[in-house]
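Peer 1: The structure under discussion is supplied below as structure tokens; questions concerning it will follow.
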There are 2 protein chains.
Amino acid sequence: MSQYPPPSSPGDAHPASAAAGAGAAAGSRLDRWVGTYAQRTSSMTASEIRALFAVANRPEVVSLAGGMPYLPALPLDAIADLTARLVAEKGAKALQYGSGQGEEVLREQIVEVMRPQGITAHPDDVVVTTGSQQALDLVSRIFLDPGDVVLAEAPSYVGALGVFKSYQAQVEHVPLDHDGLQPAALEETLVRLRAAGKRVKFLYCVPNHHNPAGVTLSLERRREVVAIAQRHDLLVLEDDPYALLGFDGDPLPAMRSLDADHVIHLGSFSKTFAPGYRVGWAVAPHAVRDKLVLASESAILCPTSFGQFAIAEYLSTYDWKGQVKVFRELYRERRDAMLAALAAHLPQTTWTHPGGGFYVWVTLPDGLDAKAMLPRAVTGRVAYVPGGAFYADGTGGQSLRLSYCFPTAERITEGVRRLAGVVRDELDVVQLFGSPANSRAGRPGVDNPGPELA
Amino acid sequence: MSQYPPPSSPGDAHPASAAAGAGAAAGSRLDRWVGTYAQRTSSMTASEIRALFAVANRPEVVSLAGGMPYLPALPLDAIADLTARLVAEKGAKALQYGSGQGEEVLREQIVEVMRPQGITAHPDDVVVTTGSQQALDLVSRIFLDPGDVVLAEAPSYVGALGVFKSYQAQVEHVPLDHDGLQPAALEETLVRLRAAGKRVKFLYCVPNHHNPAGVTLSLERRREVVAIAQRHDLLVLEDDPYALLGFDGDPLPAMRSLDADHVIHLGSFSKTFAPGYRVGWAVAPHAVRDKLVLASESAILCPTSFGQFAIAEYLSTYDWKGQVKVFRELYRERRDAMLAALAAHLPQTTWTHPGGGFYVWVTLPDGLDAKAMLPRAVTGRVAYVPGGAFYADGTGGQSLRLSYCFPTAERITEGVRRLAGVVRDELDVVQLFGSPANSRAGRPGVDNPGPELA
């Protein structure tokens, strides 16, 4: 009786790229359930640039798009040994269901991991999540009703903007510069929106080695942001996966270290160890933490015991701080290669100078649009993420994000050289015709470019 | 500047049992953010019985409450070897971010795992999730607006009821008997609710070895349910973690095998292999699948690569079907022990006779309330889950769920003997005073008893 494909739901034309066709009008005509989705589902749309990234994954293309940590630098043999020991000796516990809040042994270690940032949390304050992406989802779930407002830097992390949108919240951007978010603009925006009757629920902020902007919030400004939060009863969501990946000494104090009542702090092992276990965490005031745990149990029952125990074993038996230093030196070398190549090759262009993390934020010459240029860049065998993905308001078209975390220094140099060629060609077109071909600048809305762009 | 505990948010009185105090009025007074939560958050409440289960985990208590698979029966040395090989040989891929839909190698194997149930899916139809709990959350997320109706068996899986409630949906129960859900009652309920203008979004159904009822939907009724779904354009959410754990031969055809358009089928490795990786899956019509992938990327970016590759390695290199048979024989022996002990000891009580899975559903003598009796049972060193947890409408107080999956046959026999003593004592009280002390029967609402009761 069963048959494949089902005759009355032929699906979309590209079954191999699952989400590529979602939300498209053409797909809806074929969907038996089209009238029955929840209202929020209309906010979930796939990015048009996904198909391009499928091409960008070909080996001949230098991808400066993805935010994947460089895992070949991990001590895989040592990890294999400790993982085997974990299964053989504690497998019946490590493979079992666990606590919704997360394993206590790991929560104790997370407290130590955060200590260099001045955070003096208790293990009971910590909720382990399925990557910090799940923490973003859970915080949104417990705080955001449709129409609520989230404040976020301009630009802001695309994965967070997608979550806020999926909860039908409205994102209002606050400008940043080379010292990060601008506190005066934050306060002005907050006061203006609240005076207009808007329910501003929290500020979303990436303080260290910002994704995508590559800047770090100065200590002075951290104090100002916290003072604003206190003055106006504003919750701050401090998303901080890159804190330990700074190239110039110790991390700055986290905003959570300045105020434990107004700040939810998110951390992750995805960038300092490995993302494949999907283990991140949130540190929150107790009442908020209780609700995060309940929301997480509803969403997934409990985070992966195995991943938590594997990370706990790694932290307690391997020189993990030494390994973070290996990553830092590797990424520093690649950042240097990218900045040198940008300076050598890119005409009429500006960019940020990250002191850590994975990303450089590039602003193209006037008249150029990064999204319109992307197909030509991929044809020219280099890929990046167009800046519009990092704005909820349709702006950002003149910018793009480059990642230096995964390719070697040689590939980075070659990739930037190729990008420079594409930019020069675009500039020629602009000078001839006044505007770039196929420009789609200003198209509003947050796209979902997929997990490979985390 | 930081301090712990923060002076103005002292939290609840029991920091060690994180969620225990959530939602309580006392906790709210101390919560700075109490006025700012989303409306849905008021639907997330912790169970009053959680504190009891903390006691029930003591070794002197025979817990017949939890749904934990008996992992000491796993071949841990073989799993240690294959996991070490995975890390050493493919670690840089297995520890990396992966696809939002899930790894293709595992989706191909999942198709084979479902074949004994008559399901002929394509790997593109499969979405890998963080346990099937996340699939419940994602389906709810894309279909449920506040006020929408979900139909569910009476009783129904507590973890699903909690998800539907968290999306502010209304659950309407449909009675089941020893052959599972009653199709005539399903159709009557559906027609009545739709005539009353209710938006009935889907039927939630556990067809095999039901949690908590321990019954299986007959083939005849599967055909009737599918026919009703077709006649009335009703989506069926077939939640099927126990299909391969039947004691009497091959599994019945899944409803998904009878109709690929009207059924979303959920599966899991949690009961046939191990829950600690958090890997389950959904099989859905293409347009629905696209939306599930987008929703999952927003929720967690991607499921665990490591868990998926570890399971793929296990399925392809170990005799996993032989291991499922080991589990089946073990659970059959324990089921037999439980049924024999119930027949030998329990007065004036009825129960179901499961043909597989983990659970027996017990109905107490008239006048007894399982929730009110639980503190005395735990004092008597035996624990169970009160039946009210499995109803959204405040009924079920006379019933309870017993699990035979984890304790040995000897412990099960001893646990049931202790339970019988508690029931006899309660009956004495009822006969003397007419009603049990401290009865809280009829208290409405779904509690969240935590992941250990999955």
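Peer 1: Show me, for segment B:384-397, the HN-Hα J-couplings you get by feeding each phi into the Karplus relation (A = 6.51, B = -1.76, C = 1.60, θ = phi - 60°), rounded to Hz, glycine and proline as x.
Peer 2: Once θ is set to phi - 60°, the couplings for segment B:384-397 become 8, 9, x, x, x, 4, 9, 10, 8, 10, x, 8, x, x Hz.
Peer 1: While we're here: Residue by residue, what Karplus-based ³J(HN,Hα) values in Hz, rounded to whole numbers, does segment B:76-82 have, using 6.51, -1.76 and 1.60 with θ = phi - 60° and x for Gly and Pro?
Peer 2: With the stated coefficients, segment B:76-82 comes to 5, 5, 5, 5, 4, 5, 6 Hz.
Peer 1: Quick check: convex hull over the Cα atoms of the protein assembly as shown, volume per residue in Å³, rounded to an integer?
Peer 2: Details: hull volume 140.7 nm³, N = 908.
Per-residue hull volume (Cα only) is 155 Å³.
Peer 1: Using amide H atoms built 1.01 Å from N in the peptide plane, name the residues 5+ places from residue A:268, or on other chains, whose amide H lies under 5 Å from its own.
Peer 2: Those lying under 5 Å, H to H, from residue A:268 are A:281.
Peer 1: Put a dot 7 Å past each Cα toward the Cβ at residue A:120 and residue A:191; how far apart are the dots in nm?
Peer 2: Each label point is offset 7 Å from its Cα along the Cβ direction, giving 3.4 nm.
Peer 1: Could I ask something else about it? Could you check what % of the DSSP bridge pairs in segment B:76-317 are antiparallel, to the nearest 5? Write down the numbers at each step before the final one.
Peer 2: Details: 10 of 28 bridges.
Antiparallel bridges make up about 35 percent of those DSSP assigns within segment B:76-317.
Peer 1: Now for a different question. I need the inter-copy label distances for residue B:188: point set 7 Å along Cα to C-beta, values in nm with one decimal, smallest first.
Peer 2: Label-point distances to the other copies, shortest first: 6.7 nm.
Peer 1: Turning to a different aspect of this structure: Taking the rotation axis that maps chain A onto chain B, which residue of A brings its Cβ closest to that axis, and at what distance in whole Å?
Peer 2: Result for the axis mapping A onto B: A:84, 2.
Peer 1: Continuing with the same structure: Size of the dipole of segment B:360-425 about the Cα centre, Lys and Arg at +1 and Asp and Glu at -1 on the beta carbon, nothing else charged, in debye to 20? Intermediate results must be reported in sequence, preceding the final value.
Peer 2: Numbers: 8 positive and 6 negative charges, 48 e Å.
Charge dipole of segment B:360-425: 220 debye, to the nearest 20.
Peer 1: Quick one: in segment A:286-416, what % of C-alpha pairs are over 24 Å apart? Don't jump to the answer; show the numbers that get you there.
Peer 2: Working: 4336 of 8515 pairs.
For segment A:286-416, the share of Cα pairs beyond 24 Å comes to 51 percent.
Peer 1: Moving on. Rounded to the nearest 20 debye, what is the charge dipole size of the protein assembly as shown about its Cα centre when +1 sits on each Lys and Arg Cβ and -1 on each Asp and Glu Cβ? Walk me through the intermediate numbers first.
Peer 2: Working: 84 positive and 98 negative charges, 118 e Å.
With Lys and Arg at +1 and Asp and Glu at -1, about 560 debye.
Peer 1: Find which of B:274, B:427, B:292 sits farthest along the positive direction of the dipole of chain B, computed with +1 on the beta-carbon of Lys and Arg, -1 on that of Asp and Glu, about the Cα centre.
Peer 2: B:427
Peer 1: What shape does chain B take by its C-alpha gyration tensor, where a ≥ b ≥ c are the square roots of the eigenvalues and a/c under 1.5 counts as rounded, a/b above b/c as prolate, and the rest as oblate?
Peer 2: Numbers: a/c = 1.25, a/b = 1.21, b/c = 1.04.
It comes out rounded by the Cα gyration axes.
Peer 1: Kirkwood Rh and Cα-based Rg: tell me the resulting Rg over Rh for segment A:76-317, rounded to two decimals.
Peer 2: Working: Rg = 18.0 Å, Rh = 18.3 Å.
Rg/Rh for segment A:76-317 comes to 0.98.
Peer 1: At what distance in angstrom do the alpha carbon centres of segment A:361-384 and segment A:168-246 lie from each other?
Peer 2: 28 Å
Peer 1: Could you report the buried accessible area between B and A, both sides summed, computed with a 1.4 Å probe and given in Å² to the nearest 100? List each step's numbers first, then the result.
Peer 2: Working: alone 19670 and 19700 Å², together 29910 Å².
Using a 1.4 Å probe on protein heavy atoms, the buried area is about 9500 Å².
Peer 1: Which value at 222 nm does chain A reach when only helices count, each DSSP H run of 4 or more adding -39,500 (n - 2.57), with the total divided by all residues and rounded to the nearest 500 deg cm²/dmol?
Peer 2: Working: 14 runs with 184 residues, N = 454.
Computed mean residue ellipticity for chain A: -13000 deg cm²/dmol.
Peer 1: For segment A:244-309, which trypsin sites (Lys or Arg not before Pro) are both in a DSSP coil and crowded by at most 12 other Cβ atoms within 10 Å?
Peer 2: Details: sites: A:256, A:271, A:278, A:289, A:291; in loops: A:271, A:278.
Sites meeting the loop and neighbour criteria: none at all.
Peer 1: Further question: For the pairs A:90/B:325; B:165/B:325; A:90/A:291; A:165/B:201; A:321/B:90; A:325/B:93, note any where the Cα-Cα span goes beyond 28 Å.
Peer 2: Values: A:90/B:325 23 Å; B:165/B:325 36 Å; A:90/A:291 30 Å; A:165/B:201 23 Å; A:321/B:90 23 Å; A:325/B:93 22 Å.
Exceeds cut-off: B:165/B:325; A:90/A:291.
Peer 1: Something else: Just counting partner chain Cβ atoms within 10 Å, what average do the residues of peptide A:82-95 show around their Cβ?
Peer 2: On the way: counts 2, 9, 11, 2, 3, 11, 8, 2, 1, 11, 8, 3, 5, 12.
So the per-residue partner count for this stretch is 6.
Peer 1: I'd like the accessible area for residue B:345, computed on protein heavy atoms only with a 1.4 Å probe and all protein chains in place. Round to 10 Å², please.
Peer 2: Estimated to the nearest 10 Å², residue B:345 gives 60 Å².
Peer 1: In nm to one decimal, list the spacings between the residue B:414 label point and its equivalents in the other copies, with label points set 7 Å along Cα to Cβ, shortest first.
Peer 2: Once sorted, the set of distances for residue B:414 reads 6.8 nm.
Peer 1: Would you mind listing the distances between the residue B:145 label point and the same position in each other copy? Use 7 Å along Cα-to-C-beta, nm, one decimal, shortest first.
Peer 2: Inter-copy label distances (nm, one decimal, shortest first): 1.7.
Peer 1: Tell me which residues come under 5 Å, amide H to amide H, from residue A:385 once H is placed; ignore anything under 5 positions away on its chain.
Peer 2: It is A:401, by chain and number.
Peer 1: May I pose another question? In terms of modelled amide H atoms, which long-range or inter-chain residues lie less than 5 Å from the amide H of residue B:236?
Peer 2: B:203, B:263, B:264
Peer 1: About the Cα centre of segment B:76-317, what is the dipole size in debye to 20, counting +1 per Lys and Arg Cβ and -1 per Asp and Glu Cβ, all else neutral?
Peer 2: Numbers: 21 positive and 31 negative charges, 114 e Å.
Around 540 debye, computed over segment B:76-317.
Peer 1: If you count only protein heavy atoms and use a 1.4 Å probe, how large is the accessible surface of residue B:34, to the nearest 10 Å²?
Peer 2: About 80 Å², ignoring ligands and nucleic acids.
Peer 1: Next question. Considering only DSSP beta bridges where both residues belong to the protein assembly as shown, give the percentage that are antiparallel (nearest 5).
Peer 2: Looking only at bridges with both residues in the protein assembly as shown, the antiparallel portion is about 50 percent.
Peer 1: Apply the Karplus parameterisation 6.51 cos²θ - 1.76 cosθ + 1.60, with θ equal to phi minus 60°, to every residue of segment B:328-335 and state each ³J(HN,Hα) to the nearest whole Hz, in sequence, with x for glycine and proline.
Peer 2: Computed from phi, the couplings for segment B:328-335 are 4, 5, 4, 5, 5, 4, 6, 4 Hz.
The values are calculated or read from the model by the stated rules, or taken from the named source; none is laboratory data. Bear in mind the structure is a predicted one, so any value in this text is a computation, not a measurement. Using ideal geometry, Cβ is built from the backbone for each residue, glycine included, and neighbour counts are taken over all protein chains shown. The area values use the complete protein model at the heavy-atom level, side chains included, leaving out ligands, DNA and RNA. Shrake-Rupley method; radii C 1.70, N 1.55, O 1.52, S 1.80 Å.
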